[in-house]
């Protein structure tokens with residue numbers, strides 16, 4: 001009896017084992033079939049590109065791709081924009097001590113774009129200033145300037161690179177001798193200054209300065225206004241619209257922030273000579289002190305020497321307090 005019980009138990013175990021294996025095999029086959037059936041219809045009617053996209057969709061993260069593009073763009077590009085407006089007013093009514101009613105305003109714009117990828121660097125800076133004042137209802141423009149500087153360079157070794165530089169400067173409107181003398185002395189592109197040079201740039205990484213030495217440079221002064229070109233101003237011979245010369249030039253710049261972002265000092269120096277006459281030189285300096293997000297103090301000074309315009313060096317400086325707005329992607 002015990003023997004029959006043992007045989008019966010072995011038969012039951014064998015049957016259960018067979019049923020379990022079959023169930024497992026059946027379940028696997030069904031899962032694979034369902035996967036094929038669920039995948040195949042989704043590819044029907046799709047082009048090759050769509051099929052590739054469908055098959056690789058599990059491995060492509062569009063948000064990560066967009067984030068990486070933004071990271072690379074920010075890494076390679078620097079954008080800076082700063083605009084400011086300073087004004088002052090003084091009014092007298094029945095004031096026995098006397099005085100002149102005055103109002104003055106000065107608007108400035110500074111933009112900077114630098115692009116660097118591999119060995120190539122492109123650096124563009126634009127400075128614009130325009131100021132006007134009223135004294136007893138008589139208007140006079142006392143500041144008017146537009147400056148553009150472009151430097152393109154290709155790294156050689158270490159801190160040195162080949163470079164090409166373009167400097168351009170002119171003004172926005174007519175300029176007159178004085179408030180009481182309305183003799184026209186300048187206009188748009190009269191004078192206009194254009195300097196083009198090729199040479200070598202020394203710019204150590206992380207350093208706030210850059211120096212460009214150009215053995216070959218071209219300097220051009222224009223007097224394009226029909227009312228002025230016959231007068232022989234700014235070194236352009238009377239009756240000529242353009243005067244140009246060739247020689248070496250030097251461009252140097254310094255830009256550094258102190259105390260975080262509260263104080264910034266910028267400086268540019270340009271010098272050119274044609275080796276036969278006195279050199280032309282211009283040194284611009286800016287100091288910006290940020291009092292708050294929209295309020296700043298600006299100090300500006302320039303020393304300029306152009307022998308054909310004046311035998312003495314020219315100076316201009318200003319100290320202003322006013323509204324400002326800044327944007328930078330870094």
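Odds and ends about this structure:
- Centre separation in Å (Cα based) which lies between the range 182-227 and the range 60-126: 22 Å
- Stretchable slack from residue 124 to residue 140, in nm (0.36 nm times residue separation minus alpha-carbon distance): 2.6 nm
- Spin-label pair residue 64/residue 261, simplified geometry with 7 Å Cα→Cβ offset, distance in nm: 3.2 nm
- Calculated FRET value between residue 325 and residue 150, using beta carbons and R₀ = 22 Å, to 0.05: 0.35
- Structural descriptor for the range 136-189: relative contact order 31 percent, calculated from alpha carbon pairs under 8 angstrom and at least 6 residues apart.
- The residues 116, 210, 69, when put in order of fewest to most other Cβ atoms within 10 Å, stand as 69, 116, 210.
- For the pair residue 159 and residue 309, the difference between a 0.36 nm per residue extended length and the Cα-Cα distance amounts to 50.3 nm.
Bear in mind that the values in this text are calculations on the coordinates, not laboratory data. Just so it is clear, the model here is predicted, and its values are computed rather than measured. For neighbour counting, all protein chains shown are included, and Cβ atoms are generated from backbone atoms with ideal geometry for every residue, glycine included.
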